[in-house]
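Visitor: Below is the structure I would like to discuss, written out as structure tokens.
The values are calculated or read from the model by the stated rules, or taken from the named source; none is laboratory data. On a predicted model such as this, the values are computed, not experimentally measured, just so you know. As a convention, Cβ positions derive from the backbone with ideal geometry for all residues, glycine included, and neighbour counts pool all protein chains shown. In case anyone asks, the SASA skips ligands and DNA or RNA and just uses the protein heavy atoms, side chains included. Shrake-Rupley method; radii C 1.70, N 1.55, O 1.52, S 1.80 Å.
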Amino acid sequence: MKKLLCIMMLCLSAQTFAATINGVKLEDKISVNNKTLILNGAGMRSKVIFNIYVSALYLTQKKNTAEGVFSDKGPKRVELHVLHHLEAGDFMEAFNKAINSNHTPQEYAPLAGRLLRFGKSFRMVGEVNRGSTIILDYIPESNMTVLTVNGKEITRIEGEDFYNAMLKIWLGKNPVQDSVKKAMLGGW
């Protein structure tokens, strides 16, 4: 009886993981600004023969279209669990390429200054090593995107339009990888 009770206690106290992708365990629920978000979907970004990162999208309620995610006015989180060492500048270069491919010049213009500030801040991280975690949170109460790397806040950038521009890296019409878009929208 004691043994059964101990096993039950261990099960109840363990964290609940919704998925494991390439060894990365993703929690089914997280908290952003004291609001509970659930895992919407997650996928692995690969390039040539390298697995670059596992990306996870958290929302207040599940959405299976990019339009649904963009129009959601609640808090959001994208987590990137790095699987391959990269310079922060290389990451930012890939981000910029994806953002450019998902915006017309007219759409890009009002984002340019904020993207420049974001890039400068991100490049100051230096290297992004295997095991690093990059988090992009959207906090609607302050209308801010918060960039955190390995638990350290790096910068805050204003505007829901900025966060949606970042989301388009993975969920835009020209995502970095179609399979990642599908996975993040719950089509694992």
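Visitor: Which condition from (1) at pLDDT 95 or above; (2) more than 15 Å from V78 (Cβ to Cβ); (3) in contact with a helix residue (DSSP H, G or I) (Cβ under 6 Å, 6 or more places away or on another chain) is the one that V125 breaks?
Guide: Going through the list (1) at pLDDT 95 or above; (2) more than 15 Å from V78 (Cβ to Cβ); (3) in contact with a helix residue (DSSP H, G or I) (Cβ under 6 Å, 6 or more places away or on another chain), V125 breaks only (1).
Visitor: Only one residue in P140, P175 is surrounded by 21 or more Cβ atoms within 10 Å (Cβ to Cβ), more than 13 Å from the chain's Cα centre (by Cα) and not aliphatic (A, V, I, L, M), so which one is that? I'd like the intermediate steps shown before the answer.
Guide: Details: P140 fails: surrounded by 21 or more Cβ atoms within 10 Å (Cβ to Cβ).
Of the residues listed, the single one that is surrounded by 21 or more Cβ atoms within 10 Å (Cβ to Cβ), more than 13 Å from the chain's Cα centre (by Cα) and not aliphatic (A, V, I, L, M) is P175.
Visitor: Scanning region 110-126 for residues that are farther than 15 Å from M166 by Cβ and among the aliphatic types (A, V, I, L, M), which turns out least open to solvent (accessible area, probe 1.4 Å)?
Guide: Only one residue fits best here, namely V125.
Visitor: Which residues, counting only those in region 38-62, are of a type in the set (S, T, N, Q), part of a strand (DSSP E or B) and open to solvent by 10 Å² or more (accessible area, probe 1.4 Å)?
Guide: Narrowing region 38-62 to residues of a type in the set (S, T, N, Q): 40, 46, 51, 55, 60-61.
With part of a strand (DSSP E or B) added as a condition, the list becomes 40, 46, 51, 55.
The answer is S46, N51.
Visitor: Counting only residues that are open to solvent by less than 30 Å² (accessible area, probe 1.4 Å) and of a type in the set (V, I, T), which one in region 75-109 is farthest from N174 (Cα to Cα)?
Guide: Here the residue is V82.
Visitor: Checking the condition open to solvent by less than 90 Å² (accessible area, probe 1.4 Å), closer than 25 Å to I139 by Cα and at pLDDT below 95, which residue from T20, T65, T16 passes? Reasoning before the result, please.
Guide: Values: T20 fails: closer than 25 Å to I139 by Cα; T65 fails: at pLDDT below 95.
On inspection, the qualifying residue turns out to be T16.
Visitor: Related question: Could you list all residues from region 145-170 that are in a helix (DSSP H, G or I) and open to solvent by 10 Å² or more (accessible area, probe 1.4 Å)? Steps first, answer last, please.
Guide: First, the residues of region 145-170 that are in a helix (DSSP H, G or I): 160-170.
Hits for region 145-170 are E160, D161, N164, K168.
Visitor: Inside region 171-188, can you point out the residues that are part of a helix (DSSP H, G or I) and of a type in the set (G, A, S)?
Guide: Taking region 171-188 first, the residues part of a helix (DSSP H, G or I) are 171, 178-184.
Passing the criteria: S179, A183.
Visitor: Continuing with this model, one more query. Name every residue in region 112-144 that is in contact (Cβ under 8 Å) with a residue 40 or more places away in the chain, touching a Gly at 6+ places or on another chain (Cβ under 8 Å) and either farther than 23 Å from P175 by Cβ or in a helix (DSSP H, G or I) (or both), in order of residue number.
Guide: R114, P140
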